[in-house]
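See below for the structure under consideration.
Where a number appears in this text, it was derived from the coordinates with a stated rule and is not lab data. Keep in mind it's a predicted model, so treat the numbers as computed, not measured. All Cβ positions, even for glycine, are placed from backbone atoms using ideal geometry, and neighbour counts span all protein chains on display.
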Amino acid sequence: MAKRPYQPKDFFFKKAKESGLRARSAFKIDEIARRFGVFRKGQVVVDLGAAPGGFLQVILGEVGPTGFVVGVDLAEIRPLGRPNVKTAVLDVLALDFDAKLEALHPGPIDVVVSDLAPKTTGIKATDEARSLRLAGKALELGRRRGRPGGHFIAKLFMGGGFEDFREELRGAYEDVKVVRPEATRGASMEIYLVGLRRRAG
């Protein structure tokens, strides 16, 4: 059976445009938020890999005007016109990343969100390893600065090393869910891991 061709203007693309969302991927974080209740008013959230800003739009709606959101990416993010969001062009793998992120928000973080994805090579093992490295960097942030009882969401490619990463996440969070949001493209290997209620200490 022939694989269905990629259709950029699919249902979620059209729905995003109609809703004023910057990317169809916004529906992924929206589904995760609804299913697991990870966001609430007044939270501090860090969104890694935030361009073009679709996740940020949803998260800002969830945390409300009393919340605070930081979005970083290698690409510049157009201003969202809200006083309670800061964005910056940062490389999460750079040696000075932690210091620069702390300058944007020095306090504890309620939810770490990572939609980071590597530039793919087409070599499955290489792409999986790069994806895991990015997810690992997000988990480091969650462990180091995440508030006890807070949550974690990270995209990664299913494959080698996945089970080890899931076990690592289970060591830091009380409950771990594996999610493939409805808005994920059919041929995509990506999934999301959701860590609920960060363990104290």
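Mind checking the stretch 50-149 for trypsin sites (Lys or Arg not before Pro) that DSSP puts in a loop (not H, G, I, E or B) and that have at most 10 other Cβ atoms within 10 Å? Here the sparse-neighbourhood loop sites are Lys119. Estimated from the Cβ-Cβ distance and a Förster radius of 35 angstrom, the FRET efficiency linking Ala75 and Ala200 is about 0.45. Set against the 2.2 N^0.38 Å expectation for a compact globular protein, the stretch 11-198 has a Cα radius of gyration ratio of 0.95. Taking the DSSP bridge list for the chain and keeping only pairs wholly inside it, about 40 percent are antiparallel. Sorting the Cα pairs of the stretch 51-104 by distance into bins of 5 Å, from 0 upward, gives 4, 20, 31, 22, 17, 6, 1 percent per bin.
What's the longest piece of the chain with no exposed GluC sites (Glu not before Pro), counting a site as exposed if DSSP puts it in a loop and it has at most 11 other beta carbons within 10 Å? Between the exposed loop sites, the longest stretch runs 77-181.
Here the simple spin-label model places points 7 Å from the Cα toward Cβ, and for Arg82 and Arg133 these points are separated by 3.2 nm. Once the chain from Leu104 to Phe36 is taken as fully extended at 0.36 nm per residue, the excess over their C-alpha distance is 21.7 nm.
Helical runs (DSSP H, four residues minimum) scored at -39500 (n - 2.57) apiece and divided by the length of the chain put the mean residue ellipticity at 222 nm at -11000 deg cm²/dmol.
For the chain, a simple Cβ point-charge model (Lys and Arg +1, Asp and Glu -1, everything else neutral) yields a dipole of about 560 debye relative to the Cα centre.
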